[in-house]
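Below is one structure, written out as structure tokens, with a few remarks after it.
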Amino acid sequence: MNTPTTADAGSAQLKVAVIYYSSTGTVAALAKEIGETAEKAGAEVRLRRAPELAPQSAIDSNPAWAENQRATADIPEASPEDVEWADAVLFGTPTRFGNVSSQLKQVLDQLGGLWAEGKLADKVYSGFTSSASLHGGQETTLLALYTTIHHFGGLIAAPGYTDPSKFTDGNPYGTSHTDAQGANPVDETARTAARVQAERVVRIARGVKAGLAA
Ligand SMILES: Cc1cc2nc3c(=O)[nH]c(=O)nc-3n(C[C@H](O)[C@H](O)[C@H](O)COP(=O)(O)O)c2cc1C
């Protein structure tokens, strides 16, 4: 990712940032699916991970966490400039007691300067998440994330039930997956939801960008 395709290289190409936090790889897998889909839809994509805040000893005590840290080490860390750059931003976070993870929140909390300059407004935003248990806080996590987007003056492109597949995955607020503490890896239902969401964000953001430029 990061490289414009020759078909639509140039300043008019839609810029999409996929900014996520993931401890044990579930949200990382969704982020990758979303980024690849946005790229296939013609967007220039930046896949970025939130900087880790947990101590290395905590990471090393959980094999899945340590493995995900190793597997995603080459993904650049998110910075406010990635949000400024983008026409559309998809934020991903595992649920933490029904809320946004502190690592992604730290990324959001570093956007005060851009907010004060009005540079977060008029962009398209969407969110995705995962939890260990069914009804474990996926919807509240996405709504908590979306509270912040309102303060940006952002335009939330929620999936709603705009595709028949949404009646299978069942979450109109954004892509979500129930991982049962790692026992259920990201499956085709979640991947389909991720693709539907990414395609929708690209389509809506293209319309917003063209409309604002007119
Ligand atoms: C501190 C903490 C709080 C969590 N809170 C919840 C929760 O409220 N509900 C839930 O279902 N899972 C909860 N989980 C589990 C993770 O959200 C879940 O396993 C998620 O899918 C992990 O995503 P990841 O693999 O991208 O890190 C929590 C995990 C941690 C470490």
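The values are calculated or read from the model by the stated rules, or taken from the named source; none is laboratory data. On a predicted model such as this, the values are computed, not experimentally measured, just so you know. Glycine also receives a Cβ, built like all others from the backbone with ideal geometry; neighbour counts cover every protein chain displayed. Ligands, DNA and RNA are excluded from the accessible area calculation, which covers all protein heavy atoms including side chains. Shrake-Rupley method; radii C 1.70, N 1.55, O 1.52, S 1.80 Å.
Lysine pairs in the range 91-214 with Cα distance under 25 Å, only those 8 or more apart or on different chains: how many are there?
Close lysine pairs found across the range 91-214: 5.
Stretched out fully, how many nm does the piece from Ala58 to Asn184 gain, at 0.36 nm a residue minus the Cα gap?
43.1 nm
Heavy atoms of the protein only, probe of 1.4 Å, neighbouring chains included. What is the accessible area of Ser165 in Å², nearest 10?
Accessible area of Ser165: about 20 Å².
Please compute, over every Cα-Cα pair in the chain, the percentage with a separation greater than 31 angstrom.
So the pairs more than 31 Å apart make up 14 percent of the total in the chain.
Based only on the alpha carbon positions, what is the Kirkwood hydrodynamic radius of the range 99-189, in angstrom?
When all Cα pairs of the range 99-189 are included, the Kirkwood radius is 14.3 Å.
Kindly report, to the nearest 10 Å², the accessible surface of Val18 as traced by a 1.4 Å probe over protein heavy atoms only.
0 Å²
First select every other residue whose beta carbon is under 11 angstrom from the beta carbon of Asp82; then total the charges, Lys and Arg +1, Asp and Glu -1.
Neighbourhood net charge equals +1.
Sorted by mean Cβ packing within 10 Å, highest first, what order do the peptides 63-73, 37-47, 142-152 take?
Per-residue Cβ counts within 10 Å, averaged per peptide and sorted highest first, yield 37-47, 142-152, 63-73.
Taking 2.2 N^0.38 Å as the expected size of a compact globular protein, what ratio does the Cα radius of gyration of the range 7-105 give against it, to two decimals?
Dividing the Cα radius of gyration by 2.2 N^0.38 Å gives 1.13.
Roughly what % antiparallel, to the nearest 5, for the DSSP beta bridges in the chain?
Details: 1 of 26 bridges.
Counting only bridges with both partners in the chain, antiparallel ones make up about 5 percent.
Straight-line reach from Lys32: which aspartates and glutamates fall under 15 Å, measuring Cα to Cα and dropping same-chain residues less than 8 apart?
Straight-line reach from Lys32, under 15 Å: Glu44, Asp74, Glu77, Asp187, Glu188, Glu199.
What residues have an amide H closer than 5 Å to that of Ile156, excluding those fewer than 5 places away on the same chain, when H is modeled at 1.01 Å from N in the peptide plane?
Excluding prolines and chain starts, which carry no amide H, the hits are Tyr125.
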